[in-house]
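Okay, so here's the structure we're looking at.
The values are calculated or read from the model by the stated rules, or taken from the named source; none is laboratory data. Everything numeric here is computed off the predicted structure, so don't read it as measured data. Heads up, the Cβs are rebuilt from the backbone with ideal geometry, glycines too, and the neighbour counts pull from every protein chain shown. With ligands, DNA and RNA removed, areas are computed over all heavy atoms of the protein, side chains included. Shrake-Rupley method; radii C 1.70, N 1.55, O 1.52, S 1.80 Å.
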Amino acid sequence: MSLSCFEFVDKKSQLTLEEAQQLLLDEARLWHQQQDRVHRLPLQQALGAHLAESLSAPQAVPPHTNSAMDGYALVGASLVSQTQWQLVGTQLAGQMTSHRLQPGEAMAITTGAALPPGADTVVMQEQCHVEGDQLTIQRAAEIRIGANVRQAGEDLQQGQQVLVAGARLGPVQLGLLASLGCADVPVRPALKVAVFSTGDEVVAAGQPLAPGQIYDTNRTSLISLVQALGCQVSDLGILPDDQQVIHQALAQAALTHQLVITSGGVSVGQADWIKPVLNQLGETRFWQLAIRPGRPFAFGHLGQNASGETCFFAGLPGNPVAVMVTFMLLVQPLILALQGAEACAVTPLHAQAEEEIKSRLGRSDFYRARLSTSPTGQLSVRVVGEQGSGRLSSMHEANCLVRLDEQEALKARGDSVRVYPFAGFLAGYLA
């Protein structure tokens with residue numbers, strides 16, 4: 001195993017992943033508790049937003065007992081003693097009848113229609129034969145009383161808590177609120193996030209490359225990730241390796257945002273100006289992690305914005321894979337907590353290693369890997385692609401990260417390993 005920069009840093013100054021995550025979440029939750037701003041958005045505009053308060057059902061769902069299918073409504077007790085029923089009308093969805101069904105009477109009914117008074121059972125249309133106004137039911141005695149009926153409130157009772165504060169509103173949640181008659185919903189304002197890339201060697205896509213330059217992949221990835229979390233994103237371009245320019249740009253961004261994210265410039269190179277500027281404008285809380293990829297990761301704040309709120313700062317590494325990994329493990333939980341999310345972290349899975357995996361003691365190594373399921377339901381995982389932190393193509397080949405933590409130097413084939421699936425861990429991931 002070749003040497004790495006990890007061998008030459010002060011291990012005592014580095015935080016474990018869990019220590020860093022806890023610090024981020026503590027800071028974010030304290031910040032969130034101090035916010036009292038609530039917006040009301042129409043349901044059609046609330047996708048991806050987080051609820052500002054818990055919501056309870058103002059009425060039962062469904063509001064009335066109704067038919068689960070097309071058929072005939074009748075008094076269930078009559079099924080054991082009768083072979084024919086008198087048809088007395090039709091009940092359509094959206095209509096109500098005042099006629100109370102008596103034993104021996106039946107009423108045609110459509111799916112979703114309210115049950116007529118006195119009825120408690122619906123017989124499916126396919127089991128019935130009608131001649132004139134007479135209904136005959138095949139194998140009537142085998143039908144249970146209450147069949148094919150949805151009871152009022154069987155989905156939600158009036159007053160029942162439906163969604164808790166912090167829940168993120170997806171299509172299911174919005175549909176649920178629509179079923180309660182909600183036209184709008186109280187949500188937290190979208191977090192305002194600024195995204196920069198740094199480095200003289202970085203060029204925006206579409207521009208010609210000079211010798212020694214590379215295209216900027218990090219900013220595109222980060223903007224997509226932040227947008228997928230429902231934030232309001234400002235693309236502030238590429239910063240040169242110039243301390244004065246970086247200072248001015250970060251100070252300006254801090255005035256109108258609640259979080260500033262950069263990539264590159266957080267290590268110890270001659271042109272790495274992020275950490276000095278961060279200390280001039282605000283405070284560095286930590287900047288080295290015992291993980292790979294992603295050891296240089298600066299977190300702190302840039303003072304207060306124009307609204308008097310703390311503007312947080314996350315300085316990610318420059319290598320594309322390290323950017324994705326640190327965002328997934330640290331920035332995403334931070335953003336969710338700042339938005340008051342109900343849950344900010346997902347529990348890793350466990351899978352069986354398909355091959356031997358090696359690591360270094362004292363740090364957590366994250367390998368790009370492919371998770372699969374056997375016909376018997378056994379999860380297994382194999383490392384894919386070259387693992388250099390500049391090889392973004394390996395993230396495309398993978399669908400998860402495999403973790404070997406600080407005390408694990410080796411996992412043998414067949415051993416259980418911790419797996420972080422991109423689905424659930426990486427915002428906006430498309431399998």
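Below, the figures for the structure above:
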| read-out | value |
| --- | --- |
| Flag if Leu334 is open to solvent by less than 40 Å² (accessible area, probe 1.4 Å) and either touching a residue at least 40 places away in the same chain (Cβ under 8 Å) or assigned to a helix (DSSP H, G or I) (or both) | yes |
| Among (1) in contact (Cβ under 8 Å) with a residue 12 or more places away in the chain; (2) within 30 Å of Ala73 (Cβ to Cβ); (3) small (Gly, Ala, Ser), the one test that Gly175 misses | (1) |
| Per-region count, the stretch 34-85, residues among the β-branched types (Val, Ile, Thr) and not in a loop (DSSP other than H, G, I, E, B) | 2 |
| Some residue of the stretch 112-121 being under 39 Å from the mean Cα position of the chain (by Cα), crowded, with 20+ Cβ neighbours inside 10 Å and either among the acidic types (Asp, Glu) or over 30 Å from Gly48 (Cβ atoms) (or both) | yes |
| Pick from the stretch 122-156, criterion touching a helix residue (DSSP H, G or I) at 6+ places or on another chain (Cβ under 9 Å), outside any strand (DSSP E or B) and not small (Gly, Ala, Ser), ranking: surrounded by the most Cβ atoms within 10 Å (Cβ to Cβ) | Ile143 |
| Criterion (open to solvent by 30 Å² or more (accessible area, probe 1.4 Å) and either farther than 29 Å from Gly153 by Cα or in contact with a helix residue (DSSP H, G or I) (Cβ under 6 Å, 6 or more places away or on another chain) (or both)) met by exactly one of Leu87, Leu30, Leu79 | Leu30 |
| Given (1) more than 30 Å from Ser54 (Cα to Cα); (2) part of a loop (DSSP other than H, G, I, E, B), index of the condition Gly308 fails | (1) |
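Residues are listed down the side, and each one gets a yes or a no for (1) open to solvent by 50 Å² or more (accessible area, probe 1.4 Å); (2) under 24 Å from the mean Cα position of the chain (by Cα); (3) over 24 Å from Pro320 (Cα atoms):
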| position | (1), (2), (3) |
| --- | --- |
| Ala345 | yes, yes, no |
| Pro348 | no, yes, no |
| Ser359 | no, no, no |
| Arg363 | no, no, no |
| Ala369 | no, yes, no |
| Leu379 | no, yes, yes |
| Met395 | no, yes, no |
| Ala398 | no, yes, no |
